[in-house]
1. For residue B:230 and residue B:287, what does the FRET efficiency come to when R0 = 35 Å and r is the distance between their Cβ atoms, rounded to the nearest 0.05?
2. If r is the Cβ-Cβ distance from residue B:271 to residue A:80 and R0 is 25 Å, what FRET efficiency results, to the nearest 0.05?
3. Of B:197, A:15, how do they rank once you tally other Cβ atoms within 10 Å and put the fewest first?
4. Can you grab the distance from the C-alpha centre of segment B:40-64 to the C-alpha centre of segment B:144-184, Å, no decimals?
5. Determine the relative contact order of chain A: mean sequence separation of Cα pairs under 8 Å and six or more apart, normalised by residue count, in whole percent.
6. What nm value, rounded to one decimal, do you get for the distance between residue A:60 and residue B:19 when each label is placed 7 Å out toward the C-beta?
7. Label points 7 Å out from Cα along the Cβ direction at residue B:29 and residue B:252: separation in nm?
8. Report the calculated FRET efficiency for residue B:84 and residue B:122 (r = Cβ-Cβ distance, R0 = 30 Å), to the nearest 0.05.
């Protein structure tokens, strides 16, 4: 899964880079032809948007796991054992030594 | 809705490989469980055979091992691990505490008390050491003195939720439920999203067994269930509270309402156990839950 998202990310990044390069080239073409700049051609815009979309998808997919957004879900796994056991107040004169021998 | 949680089995201390053992010890540290036998069984092998692989974690394991070994009465193991720590960190406060713990483990309480008071003279705000003094009084069975000492600590560090929790436990052991309830309220304030605090508070209120306290108990059992729906202990608590309130209250409407709550809890409990129990066991449970006939 991680390698697939990495490949998608690379494709998206290439798209982004290529659209930027085309935009620069388009501008220099306009300068040579002595035409006024109005807007970028539609294919460059689409390529740029597609590239950023692919990058977003890849980054979101590539992340390991989503965590529950509820505040309580982190405390779900807490057990009574952990809450009742207070390590700083531990005492040792109990049945533990008799049970383990 | 609810499901029976996996019961944690603490006696499976079989050593498979050092990585799993290390991860088990880490998990025990993080969840603050008291699986001392497991810790000693795994920690021993880790320290004896794989201490070079653990890196810096070896010191944490040593510390964990000292406390766990004392907990099961293996003083020799505790001393050997303590020796390693003492050599490495001669001036550390945490290691000093361990030295006191070993005295406590040998039940030399007077010596330990003297030792702790010596540390406190140089460093009066060291709460960990003050907590050990409370623990010594508790170990000697002098709960009243332990409570006095603990309230002194809490006057200085009011946000210390471990101490509040301990104080609540001490009050409960003395049957002073009003005071215990106050401590548990502090705990709820410190983290209102923890279902265990609500459940524990509700349990104390239920034990007080007056109409008002039962109503408070019902509220907090319900909150605990809302925060964690698969919480059978709260579900059973709510059932018991509903039954008791049904008996306590005089008004007919209030009676019916509480009986409804008890009925609902009973159906939820039965539904939960249906998945994992056979018919006979279910029947026993049903008879157990049935409110006594009037």
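Bear in mind that the values in this text are calculations on the coordinates, not laboratory data. Keep in mind it's a predicted model, so treat the numbers as computed, not measured. Neighbour counts are summed over all protein chains in view; Cβ atoms, including those assigned to glycine, are modelled from backbone coordinates with ideal geometry.
1. The pair residue B:230/residue B:287 has a calculated efficiency of 0.90.
2. That gives a FRET efficiency of 0.65.
3. If I rank by nearby Cβ atoms, fewest first, I get A:15, B:197.
4. Spelled out, the Cα-based centre of one part sits 35 Å from the other.
5. Relative contact order comes out at 37 percent.
6. The two pseudo-label positions are separated by 3.3 nm.
7. Using points 7 Å along Cα→Cβ, the separation is 6.5 nm.
8. 0.75
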